[in-house]
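The values are calculated or read from the model by the stated rules, or taken from the named source; none is laboratory data. Small disclaimer: the values here were computed from a predicted structure and weren't measured. Here Cβ is always computed from backbone atoms with ideal geometry, including for glycine, and neighbour counts include all displayed protein chains.
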Amino acid sequence: MLRLGRREFAAHEPVIMAIVNRTPDSFYDQGATFRDEPALARVEQAVSEGAAIIDIGGVKAGPGEEVSAEEEARRTVGFVAEVRRRFPDVIISVDTWRHEVGQAVCEVGADLLNDAWGGVDPLLAEVAGRYGVGLVCTHAGGTQPRTRPHRVAYDDVMADILRVTLGLAERAVSLGVPRESVLIDPGHDFGKNTRHSLEATRRLGEMVDTGWPVLVSLSNKDFVGETLDKPVKERVLGTLATTAVSAWLGAQVYRVHEVAETRQVLDMVSSIAGHRPPAVARRGLA
C-alpha cells in the first residue's frame, strides 16, 4: 500500500506524477510554466487528465544559471500554497534536494519531497520525517546536483541502485518518514550513461521485488533521445514505450510531461496484466 497525502494506492494501481516546472530554463518546456497563471492552468489540466500527483520544481536538473535556496523557495513555496488552496485533494510533491526548501514547502502543504539527487543533503530526509511527509529516494550515482555524468562506470548498475536506494529508504523510515510513504527511484540519466539507464529499465523487476513502490522519471530524457537519435521534442513515443515496459515490470509511479498519453499506456498495460477491466466490453457479446 502506498499512502501519500490524503490518498492510498493499491500495489497494482499505477499513479501519474505530472511535472510542473517553475523555472525559466527547463529542458523540455523552456519556461512555459514559470509564471503563476500558466503553471496553475497546467495543474488543472494535469489533474483533469488523470494525474494524482503534481511535482513542482524550482531548479532545472541540468547545468545552468546558479539558483540559490532563497530563489528556489521564492519560485515554489507560494505556488505550493496556492495549489493546496485550489486543489485540496491533489498530492503535492516538490522536486528539491535542499532541506531549507523542503521545510518551507512542507509548512504550506507539500505531501511529498522528491529528492532526485540521492540524499546529497542528508537533512532533507530529516525534514520529511519531522513533517511526516513522503520521500522519493533516488540513485544519482554520487553526482552533485546539476552536474552531468562523465565516464561513469559500475560493476553492476542495478546492484548499486539497490544498495543506495534501499539504504536511503531505511534511513528515511528510521527518521520518522512513514514506511508506506517512501518510494525508490533508479534515477534514469542521473549519474548514468544511456546503457546504464537501459539496463536499469530492463532490470526494474529487481527493484519492484524489494517491496518498496518504484517511481520512474522517464519523460523525454536523454537516454531515450540517444537510443532513438531524437531531439527533445521527438521523444514522446520512446518515452511511452519505456513507460509500457516499466509498467509491465511493476513500477508504480510515473513522473511525466504528457499525462493523457501516459494514462492510456498505463491503463492498457494494467488491463493486459489483468488488474483493470476494459472501460467497455461489447465485442462478441451481442
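Give the residue, chosen from 239, 243, that is in contact with a Lys or Arg (Cβ under 9 Å, 6 or more places away or on another chain) and surrounded by 15 or more Cβ atoms within 10 Å (Cβ to Cβ).
It is 239.
Checking residue 208 against (1) among the aliphatic types (A, V, I, L, M); (2) under 20 Å from the mean Cα position of the chain (by Cα); (3) under 27 Å from residue 45 (Cα atoms): exactly one of these is not met. Which one?
Status for residue 208: all satisfied but (3).
Run residue 171 past the list (1) modelled with pLDDT of 95 or more; (2) part of a loop (DSSP other than H, G, I, E, B); (3) basic (Lys, Arg) and report the number of the one that doesn't hold.
(2)
In the set 59, 105, 67, 20, which member is farther than 27 Å from residue 250 by Cβ and touching a strand residue (DSSP E or B) at 6+ places or on another chain (Cβ under 6 Å)?
105
Taking segment 171-207, which residues are under 18 Å from residue 112 (Cβ atoms) and not hydrophobic (A, V, I, L, M, F, W, C)?
Those that are under 18 Å from residue 112 (Cβ atoms) and not hydrophobic (A, V, I, L, M, F, W, C): 171, 176, 178, 179, 180, 181, 185, 186, 187.
Out of (1) out of contact with any helix residue (DSSP H, G or I) (no Cβ under 9 Å at 6 or more places or on another chain); (2) part of a strand (DSSP E or B), what's the single condition that is false for residue 85?
It fails just one condition, (2).
Hey, can you tell me all the residues within segment 152-168 that are touching a residue at least 24 places away in the same chain (Cβ under 8 Å) and in a loop (DSSP other than H, G, I, E, B)?
152, 154, listed by residue number.
List the residue pairs whose Cβ atoms are under 8 Å apart, where the first residue sits in segment 107-126 and is in contact (Cβ under 8 Å) with a residue 12 or more places away in the chain and within 12 Å of residue 171 (Cα to Cα), the second is among the basic types (Lys, Arg) and assigned to a loop (DSSP other than H, G, I, E, B), and the two are 6 or more positions apart or on different chains.
Pairs found: 124/98.
Go over the candidates 246, 219 one by one and state the one that is under 16 Å from the mean Cα position of the chain (by Cα) and closer than 18 Å to residue 115 by Cα.
219
List pairs: first residue in segment 257-276 and surrounded by 14 or more Cβ atoms within 10 Å (Cβ to Cβ), second residue aromatic (Phe, Trp, Tyr) and not in a helix (DSSP H, G or I) anywhere in the structure, Cβ distance under 9 angstrom, at least six positions apart or on different chains.
Qualifying pairs under 9 Å: 257/28; 262/254; 265/254; 266/254.
Looking at 102, 5, 50, which one is on the phi < 0 side of the Ramachandran plot and at pLDDT 95 or above?
After ruling out the rest, the residue left standing is 102.
Provide a single number: the residues in segment 121-145 that are crowded, with 16+ Cβ neighbours inside 10 Å and assigned to a loop (DSSP other than H, G, I, E, B).
Selection size over segment 121-145: 7.
What are the residues in segment 141-151 that are farther than 17 Å from residue 201 by Cβ and in contact (Cβ under 8 Å) with a residue 24 or more places away in the chain, if any?
Matches in segment 141-151: 142, 143, 144, 145, 146, 147, 148.
I'm told residue 19 meets every condition in (1) surrounded by fewer than 16 Cβ atoms within 10 Å (Cβ to Cβ); (2) under 17 Å from the mean Cα position of the chain (by Cα); (3) closer than 24 Å to residue 143 by Cβ except one. Can you identify the failing condition by its number?
(1)
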